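Notes to accompany the following structure.
The values are calculated or read from the model by the stated rules, or taken from the named source; none is laboratory data. All values reported here derive from a predicted model rather than from experimental measurement. Quick reminder, even Gly has a Cβ in these numbers, built from the backbone with ideal geometry, and neighbours come from all protein chains shown. Heavy atoms of the whole protein, side chains included, go into the accessibility calculation; ligands, DNA and RNA do not. Shrake-Rupley method; radii C 1.70, N 1.55, O 1.52, S 1.80 Å.
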Amino acid sequence: MSDALSTNARDLAEEAGAALLAAQTESDLAQAKARFLGRSGSITLLLREIPTLDPDTRRTAGQAINEAKKAVEALFTARRQAIKDASLAVGSGHPIDVTLDARQPWRGHLHPVTRAWREITDIFSSMGYTIEEGPEVETDWHCFEALNIPQGHPAREMQDTFYISDFRPGATVDAMADGVVLRTHTSPVQVRTMLRSEPPIRMICPGTVYRRDSDLTHTPMFHQVEGLVVDESITMADLKGTLAEFARAYFGAATQIRFRPSYFPFTEPSTEVDVTCSGCSGSGCRICKGTGWLEVLGAGMVDPDVFAHQDPARYGSSRIQGFAFGMGIDRLAMLKYGIGDLRLLFENDIRMLEQF
Ligand code: DAH
């Protein structure tokens, strides 16, 4: 009995093998498989008999039948792949279904910070500003000294600096003495722009900056835009008009701004600038913590001590005045796109990025 069953199983496996090999299409193949392994396929029927066998024969016959099943399944899988491959191969003679939907090309998304960056630069470009750049690895002099933040100045502590001690092999003693840092703000680009050009200046500098700081609202790398306007008779009114225009262009036509007195070493007087909350238009909500206002930037009139670090022939006249401002691009992106956690911007989670 057991021998008969085992032989039967092997015969069926062989028969199935021949049928699978003869199949030329996927549906032929599926049919062939069903004949042996379907609900009432011949190998399936044998499998059902196993529990009814007496224990002595059950082992050997069971083994033979299961092996037959496995062999047929393996052959089926291999044969299906072969048929698929053949139908893809050029000149296989198999028709190509031109009515199938085309695969959609995968489209990338601009990162919200990139979008904000571009929007901000577009707004200032349209007002006639040039876009300037400066190095991210910066000298202490450009980053601090020339901006009226001398050694030991408490403002240095506000900006937890990454110091680069081994800037480059063979760095001159002077460069090392100068100190080399990762720039903590984009303000050194003011200094560099004035060093290479004369008034009138009307520039912005978007860029990456670094601070040793990391929590809910701070990341060690973030982005700022610096602005600088220098000309004869530039006043605080020019600053206010410019920033009001920017706020309306970026946050919407009904946006208002207000100045609060503040302190920055490189501006005098200095101000912090708030805009009416984009979430509630000023009536108070969660985003503005009920105040109706959002703090978005720092600004002021260029401190004469900053001009004093420049060429006196170009910047020494008392008629030369300027204003400057600095703002966080990431913060502006978060406010515009309703992103609650700064860190989300830099985690590269595709589920978050796909929303933009
Ligand atoms: N540099 C400042 C910072 O990173 C931002 C800033 C404030 C820039 C006021 C300015 C300014 O040009 O006038 O904290």
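At 222 nm, what value in deg cm²/dmol follows for the chain if DSSP H runs of at least 4 each add -39500 (n - 2.57) and the sum is divided by all its residues, to the nearest 500?
Rounded to the nearest 500, it is -12500 deg cm²/dmol.
For the stretch 2-88, what does the relative contact order come out to in percent, with C-alpha contacts under 8 Å and a separation of six or more?
Here the relative contact order equals 42 percent.
What's the ranking of 125-131, 230-236 by average number of surrounding C-beta atoms within 10 Å, highest first? All intermediate terms of the calculation are to be shown ahead of the outcome.
Working: 125-131: 12.6, 230-236: 15.4.
By packing density, highest mean first, the sequence is 230-236, 125-131.
Hey, which lysines would be in cross-link range of LYS289, C-alpha to C-alpha under 19 Å, not counting anything within fewer than 8 residues on its own chain?
Answer for LYS289, where 19 Å is the Cα cut-off: LYS336, listed by chain and number.
If you stretched the chain out fully between THR25 and ALA253, how much longer would it get, using 0.36 nm times the residue separation minus the C-alpha to C-alpha distance?
Gain on extension, THR25 to ALA253, equals 75.6 nm.
With every protein chain present, what accessible area does GLU295 have (1.4 Å probe, heavy atoms only), rounded to the nearest 10 Å²?
Number for this one is 80 Å².
For VAL302, what charge total do you get from the other residues with a beta carbon under 14 Å from its beta carbon, if Lys and Arg give +1 and Asp and Glu give -1?
Result for the neighbourhood of VAL302: -4.
How much length, in nm to one decimal, is gained on full extension between TYR263 and MET221, taken as 0.36 nm per residue of separation minus their Cα-Cα distance?
12.8 nm
Hey, could you pull the Cα Rg and Dmax for the chain, both in Å?
Rg and Dmax of the chain, Cα atoms, are 36.5, 115 Å.
Add +1 for every Lys or Arg and -1 for every Asp or Glu among the other residues with Cβ under 11 Å from the Cβ of ARG192, and state the total.
Taking every other residue near ARG192 into account, the sum is -2.
For the stretch 2-88, what does the equivalent ellipsoid look like in terms of its semi-axes, each the square root of 5 times an eigenvalue of the Cα gyration tensor, given largest first in whole Å?
Values: eigenvalues 157, 23, 17 Å².
Taking √(5λ) for each eigenvalue gives 28, 11, 9 Å, largest first.
Roughly how much of HIS153 is accessible, in Å² to the nearest 10, using a 1.4 Å probe?
About 40 Å², ignoring ligands and nucleic acids.
With label points built 7 Å along Cα→Cβ from the Cα atoms of THR208 and ARG107, find their separation and express it in nm.
2.8
Tell me the accessible surface of TRP141 in square angstrom (1.4 angstrom probe, heavy atoms of protein chains only), to the nearest ten.
Accessible area of TRP141: about 70 Å².
By a straight-distance test (C-alpha under 23 Å), which lysines pair with LYS33 as possible cross-link partners, with residues fewer than eight away in the same chain excluded?
Result set, ordered by chain and number: LYS69, LYS70, LYS84.
Using Cα pairs closer than 8 Å and at least 6 residues apart in sequence, work out the relative contact order for the stretch 291-333, in percent. Could the numbers behind the result be given before it?
Numbers: 31 pairs, mean separation 23.1, N = 43.
For the stretch 291-333, the relative contact order is 54 percent.
Output the lone cysteines of the chain: those with no second cysteine's C-beta under 4.7 Å from their C-beta.
Here CYS143, CYS205 come out as lacking a disulfide-compatible partner, given the Cβ-Cβ threshold of under 4.7 Å.
When we measure straight from the Cα of LYS240, which aspartates and glutamates land under 12 angstrom away, once same-chain ones fewer than 8 places off are left out?
Within the straight-line cut-off, LYS240 pairs with GLU272, ASP274.
When the accessible area of the chain is computed with all protein chains present and a 1.4 Å probe, what percentage of it is carbon and sulfur?
52
Count the net charge of all other residues whose Cβ sits under 12 Å from the Cβ of ILE65, scoring Lys and Arg as +1 and Asp and Glu as -1.
+3
Please state the relative contact order of the stretch 112-353 as a whole percent: Cα pairs under 8 Å, 6+ residues apart? Walk me through the intermediate numbers first.
Details: 448 pairs, mean separation 51.0, N = 242.
Here the relative contact order equals 21 percent.
Give the accessible surface of the chain per residue, rounded to a whole number of Å², with probe radius 1.4 Å and ligands, DNA and RNA excluded.
About 56 Å² of surface per residue is accessible.
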